[in-house]
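Asker: Please see the structure below; I have some questions.
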Amino acid sequence: MLYFEFFFLLLMLYLGSRFGGIGLGVVSGIGLLIEVFVFRMVPTSPPVTVMLIILAVVTCASILEAAGGLKYMLQIAERILRSNPKRVTFIGPMVTYIMTVMLGTGHAVYTIMPIIGDVALKNNIRPERPMAAASVASQLGITASPISAAVVYYLSEMSGFGVSLMSIIGVTIPATFVGVIAMSVYSTRRGKELKDDPEFQKRMQDPIWRERIENTTATTLDEKLPESAKHAVYLFLLSLVIIVILGMFPSLRKLADMPKPVDMATLIQMMMLAFGGLIMVLTKTKPAKVPEGVVFKSGMVACIAIFGIAWMSDTYFQHAMPVFKVAITGMVQSNPWTFALAMFIVSVVINSQAATCKMMLPVGLGLGLSPAILIAILPSSYGYFFIPNYPSDIATCTFDTTGTTKIGKYYFNHSFMFPGLIGVITACCVGYALALFIV
């Protein structure tokens, strides 16, 4: 019966993925209802902590965007890209990676993608090389961000094992950084040069495409931003520094009337809300502008998706854990890579690293995997590049006017497959080596 129920879980995740976004959450709600009232499973608690973390971080990042701070960061990134155009295949992915690490979400990189493509094209570099790697890097950076929902959830669940914020990002930042470098090295020679690419040459024969390719320049440098945009970025960076310091020194979070320090999940929620308020007040940002930005809209969609996905999945795994623990504990403990593969496959289906962690981390802990192993394989929670239906990947294909970044004829032979596999596998291997010494 458990196998049938597991097949039902996968079916509901698949059906939800066909709708994407909010559809993932509400279709999972249908699955949850059937689990409880048809399969008679006991419902677990909804993923409130993960949702509140996302809400807090997205709120602060959205206010930063509304204040012009995100555009200010993009202008800095564009200046770096245009001052080193021949190295765009390395710098482009590094820019999107750093932005995600700072902001805790990969949904802030859409406006930099046309710039990366423009820099590549103006220097006769196949745009697929930096653009596909940059899209993957923007999502790989989530597991290295101290304020991402995935990392904070890991921290909240593993703090009882002596794991600190520095224990996690001390592994995931260098591991994913090396993963980004590895995929960039691979990307430097991938695909044909533009002069030898038949699809690009065909587009150049079309007057409309030729005009668009030759005479359109994507840039943010022609927009003059108010001084408050810079101040908004400084305040946001200050919040990150304070979070990291408080994460490193738990004694700073200890209150007189509390037996334990304030947990990091609660701290990050407070800090993000507080600094969001400071940015809004000190930069005189209008609250009405906040919900209009891409960060807010994407973040709210992700929150609803996780609401349904994590609740449905957690209900099943808590129901099935006694049997799973007996059946596969030995295999997983002797071959931890099998659990990394399981996390990867789950992520392919549900398109969310936070939801994957919420679904799989309790399973890993229940199977007796060590904190070091679970932190080492955290990058394997990013597998949704495998099926090219994620918004950042689709947008990247659209932004590449040359047509070199694409979804192939056979669907799985798309531009993001090899950068994604190289980045995730490299990050997990490096993470495993580091976790043995750090955690």
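What follows is calculated from the coordinates using simple rules that are stated; it is not laboratory data. Nothing here was measured: the structure is a model prediction, and the numbers come from that model. Virtual Cβ from ideal backbone geometry, glycine too; neighbours counted across all protein chains shown.
Asker: Pull up the cross-link candidates among the aspartates and glutamates for Lys71, meaning alpha carbon to alpha carbon under 16 Å and not fewer than 8 places away within one chain.
Answerer: Here the aspartates and glutamates satisfying the reach criterion relative to Lys71 are Asp222, Glu223, Glu227, Glu292.
Asker: Between the helical axis of 264-283 and the dominant principal axis of the chain, each derived from Cα atoms, what acute angle in degrees is found, rounded to the nearest 10?
Answerer: For helix 264-283, the angle is close to 40 degrees.
Asker: Ok, one more. Could you list Glu128, Glu157 so that the one with the fewest beta carbons within 10 Å of its beta carbon is first and the one with the most is last?
Answerer: On the way: Glu128 28, Glu157 20.
So the ranking, lowest neighbour count to highest, is Glu157, Glu128.
Asker: Once the Cβ-Cβ distance between Leu11 and Val262 is put in as r, and R0 is 45 Å, what FRET efficiency do you end up with, to the nearest 0.05?
Answerer: The computed FRET efficiency comes out at 0.65.
Asker: Further, regarding this structure: My understanding is that a pair violates if its Cα-Cα distance is over 27 Å; which of Lys230/Lys297; Lys358/Lys406; Lys86/Lys297 do that in this structure? Provide the component values of the computation, followed by the final result.
Answerer: On the way: Lys230/Lys297 23 Å; Lys358/Lys406 31 Å; Lys86/Lys297 34 Å.
Listed pairs above 27 Å: Lys358/Lys406; Lys86/Lys297.
Asker: Take Ile345, Ile309, Ile422 and order them by how many other Cβ atoms sit within 10 Å, fewest up front. Walk me through the intermediate numbers first.
Answerer: Working: Ile345 16, Ile309 32, Ile422 20.
Starting with the residue having the fewest Cβ neighbours, the order is Ile345, Ile422, Ile309.
Asker: Note the angle between two axes, namely the Cα long axis of helix 128-140 and the longest principal axis of the Cα atoms of the chain, as a number of degrees from 0 to 90, rounded to the nearest 10.
Answerer: It is inclined by approximately 30 degrees.
Asker: How would you rank Leu267, Leu74, going from fewest to most other Cβ atoms within 10 Å of each one's own Cβ? Don't skip to the end; give the middle numbers.
Answerer: Numbers: Leu267 19, Leu74 22.
Going from sparsest to densest Cβ surroundings: Leu267, Leu74.
Asker: Residue by residue through region 331-338, which ³J(HN,Hα) values in whole Hz follow from phi under the Karplus form 6.51 cos²θ - 1.76 cosθ + 1.60 (θ = phi - 60°), with glycine and proline marked x?
Answerer: Calculated HN-Hα couplings, in order: 5, 5, 5, 7, 10, x, 4, 5 Hz.
Asker: At Val36 and Phe437, where each label point lies 7 Å from the Cα along Cα→Cβ, what is the point-to-point distance in nanometres?
Answerer: According to this spin-label approximation, the distance is 4.9 nm.
Asker: Please grab the % of Cα pairs in the chain that end up more than 38 Å from each other.
Answerer: On the way: 20766 of 96141 pairs.
Result: 22 percent of Cα pairs exceed 38 Å.
Asker: Convert each backbone phi in region 251-261 into a coupling constant with the Karplus relation 6.51 cos²θ - 1.76 cosθ + 1.60 (shift: θ = phi - 60°), then list the ³J(HN,Hα) values in order as whole Hz, x for Gly and Pro.
Answerer: Karplus values, whole Hz, x for Gly and Pro: 4, 6, 9, 7, 9, 4, 9, 10, x, 10, x.
Asker: Set the Förster distance to 45 Å, then compute FRET efficiency between Lys122 and Lys284 from the Cβ-Cβ distance, nearest 0.05. Walk me through the numbers on the way to the answer.
Answerer: Working: r = 37 Å, r/R0 = 0.83.
Approximately 0.75, to the nearest 0.05.
Asker: How long is the gain from Leu255 to Ser370 if the chain were fully straight, where each residue apart is worth 0.36 nm and the alpha carbon distance is subtracted? Intermediate results must be reported in sequence, preceding the final value.
Answerer: Numbers: separation 115, 0.36 × 115 = 41.40 nm, distance 3.01 nm.
That pair, Leu255 and Ser370, stretches by 38.4 nm at full extension.
Asker: Moving on. Report the FRET efficiency, 1/(1 + (r/R0)^6), for Glu193 and Asn413, where r is their Cβ-Cβ distance and R0 is 22 Å, rounded to 0.05.
Answerer: 0.65
Asker: Per 0.36 nm of contour for each residue apart, how much would the distance between Glu227 and Gln333 grow if the chain were fully extended, relative to their Cα-Cα spacing? Let's see the in-between values first.
Answerer: On the way: separation 106, 0.36 × 106 = 38.16 nm, distance 5.45 nm.
Computed gain between Glu227 and Gln333 is 32.7 nm.
Asker: Output wanted: per-residue J couplings in Hz (rounded whole) for region 367-374, from phi through Karplus 6.51 cos²θ - 1.76 cosθ + 1.60, θ = phi - 60°, x for Gly and Pro.
Answerer: Once rounded to whole Hz, the list reads 7, x, 5, 6, x, 4, 5, 5.
Asker: So, one more: May I ask you to order 133-142, 346-355, 280-289, 386-395 by the average number of other C-beta atoms within 10 Å around their residues, highest value first? Can you show the working numbers first?
Answerer: Values: 133-142: 31.7, 346-355: 26.1, 280-289: 13.8, 386-395: 18.6.
Highest to lowest by the protection proxy: 133-142, 346-355, 386-395, 280-289.
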